[in-house]
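Let me begin by presenting the structure, written as structure tokens, before commenting on it.
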Amino acid sequence: MDVLGGPCHSNHGCFCSRHNPLHGEILIPGDFKNQGQETSQWAYYQAKSIKSYIYEIQKQKLELEMLSLKTGQSGSLADKYLKIMNDYDKQIKRYDKEKEEIKAKADDLSKSKEDAQARAGNFGYALIFLQISLMLSSISALTKKKPLFYTGLASVSGWIFFFLNAIFLFH
């Protein structure tokens with residue numbers, strides 16, 4: 001299967017990279033997964049931020065209402081306000097902790113995605129050199145011309161360079 005859901009028509013290089021004809025770029029299958037996971041993590045982070053903000057607003061409202069209470073009124077009402085405010089404070093701290101964990105996970109996924117994107121171009125170049133060397137070798141076998149075979153053999157060095165560069169990121 002290719003990146004667009006259709007069958008892969010290439011018999012070589014499918015494990016390394018795919019070409020997306022809609023955008024003209026080389027993509028690694030794991031790149032899609034990381035992009036989706038990163039987006040999900042940031043959406044989850046935003047949801048937690050909104051919930052935390054709601055608790056903060058409610059806590060501030062209760063604090064203002066408690067300040068407006070007259071000292072002569074019942075202490076049980078003030079105690080209820082304090083209990084609710086303490087509960088809200090715990091919720092706010094919990095959401096802040098969860099947001100930090102989510103942010104760390106989203107940042108890791110972002111780094112993984114950037115790493116995959118850095119490798120994608122080199123995998124694409126490696127695939128091009130591999131295809132050229134296969135084509136030249138095939139033509140040399142059909143025409144029995146040794147210079148084409150040696151040229152194809154030389155272009156394998158380009159494949160090796162870009163393939164290793166994609167794996168180890170020499171630059």
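Worth a mention:
- Given (1) closer than 30 Å to Phe123 by Cβ; (2) at pLDDT below 85; (3) not hydrophobic (A, V, I, L, M, F, W, C), number of the condition Lys105 does not satisfy: (2)
- Among residues of segment 138-153 that are of a type outside the set (D, E, K, R), those with a Cβ under 9 angstrom from a residue that is surrounded by fewer than 12 Cβ atoms within 10 Å (Cβ to Cβ), sequence gap 6+ or separate chain, pair up as Ser140/Lys146; Ser140/Pro147.
- Filtered residue count, segment 102-152, keeping only those that are at positive phi and buried (at least 17 other Cβ atoms within 10 Å of the Cβ): 0
- Selection within segment 162-171: residues that are surrounded by 13 or more Cβ atoms within 10 Å (Cβ to Cβ) and touching a residue at least 12 places away in the same chain (Cβ under 8 Å). The member of this set that is nearest to Ala120 (Cα to Cα) is Ala166.
- Segment 88-101: number of residues that are surrounded by 13 or more Cβ atoms within 10 Å (Cβ to Cβ) and either more than 31 Å from the chain's Cα centre (by Cα) or under 22 Å from Glu65 (Cα atoms) (or both): 4
Rundown of residues vs (1) modelled with pLDDT under 90; (2) among the acidic types (Asp, Glu); (3) within 30 Å of Ile57 (Cα to Cα); (4) assigned to a helix (DSSP H, G or I), yes/no style:
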| residue | (1), (2), (3), (4) |
| --- | --- |
| Ile84 | yes, no, yes, yes |
| Ala120 | yes, no, no, yes |
| Phe123 | no, no, no, yes |
| Val156 | no, no, no, yes |
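- Only one of Ser138, Ser133, Ser155 that is hydroxyl-bearing (Ser, Thr, Tyr) and either under 30 Å from Ser112 (Cβ atoms) or out of contact with any helix residue (DSSP H, G or I) (no Cβ under 7 Å at 6 or more places or on another chain) (or both): Ser138
- Ser76 being loosely packed, with under 13 Cβ neighbours inside 10 Å, within 30 Å of Glu56 (Cα to Cα) and not charged (D, E, K, R): yes
The values are calculated or read from the model by the stated rules, or taken from the named source; none is laboratory data. The structure presented is a predicted model; accordingly, all values stated were derived computationally and were not measured. With ideal geometry, Cβ positions are generated from the backbone for all residues, glycine too; neighbour counts draw on all protein chains shown.
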